[in-house]
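Reviewing the structure listed below.
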Amino acid sequence: MIVLIICILIAGLLPYIAKIPVAVAMRRAGGYDNHHPREQQNRLVGMGKRAVAAHYNFFEAFPFFAAGVIVYMLIRGLVDGISAGSLTAAVHPQDLSMWIVQVSSILFLVLRLAYLAAYLGDLATLRSLIWSLAYIMAIVPYAAAILLLL
């Protein structure tokens with residue numbers, strides 16, 4: 001389950017990685033206004049404005065993804081007969097549901113980074129496709145948890 005915990009950690013850090021292009025755009029727009037950064041962000045145009053939108057979208061996507069992975073880990077722990085508070089259960093490599101959730105979580109992260117690149121590059125259709133694929137990857141842990149309960 002360590003892969004899943006690391007994926008949640010990275011996903012939680014992605015909004016701050018997405019903030020870097022925002023800070024660059026703000027600096028280029030007359031310097032970073034640390035007294036009123038949101039007002040300055042509202043005045044950005046072009047790539048800067050898209051960077052702000054992407055930054056906010058990372059905050060919006062994180063809770064749904066993280067909750068799904070945590071729900072899966074808890075259900076997995078209950079089904080395996082371990083305490084719901086213990087996340088150190090031995091995981092066998094042949095366990096298909098764990099492998100699928102780990103792969104989908106890693107793909108979620110990769111797709112979210114691709115989403116940022118597409119947003120900054122003003123590739124609207126590609127960005128929407130990538131967003132959809134990442135959202136599907138965020139649904140996978142929920143589906144896997146439900147299947148474990150059946």
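Computed from the coordinates by the stated procedures, all read-outs in this text should not be read as laboratory data. Keep in mind that what you see is a predicted model, and the values were worked out from it rather than measured. Note: ideal-geometry Cβ built from the backbone for every residue, glycine included; neighbour counts use all protein chains shown.
In the range 1-37, the qualifying residues are those that are of a type in the set (G, A, S) and under 18 Å from the mean Cα position of the chain (by Cα), and the one that is farthest from A144 (Cα to Cα) is A18.
Counting only residues that are surrounded by 15 or more Cβ atoms within 10 Å (Cβ to Cβ), of a type in the set (G, A, S), closer than 14 Å to N57 by Cα and free of Cβ contacts under 8 Å to residues at least 24 places away in the same chain, the range 118-150 holds 1 of them.
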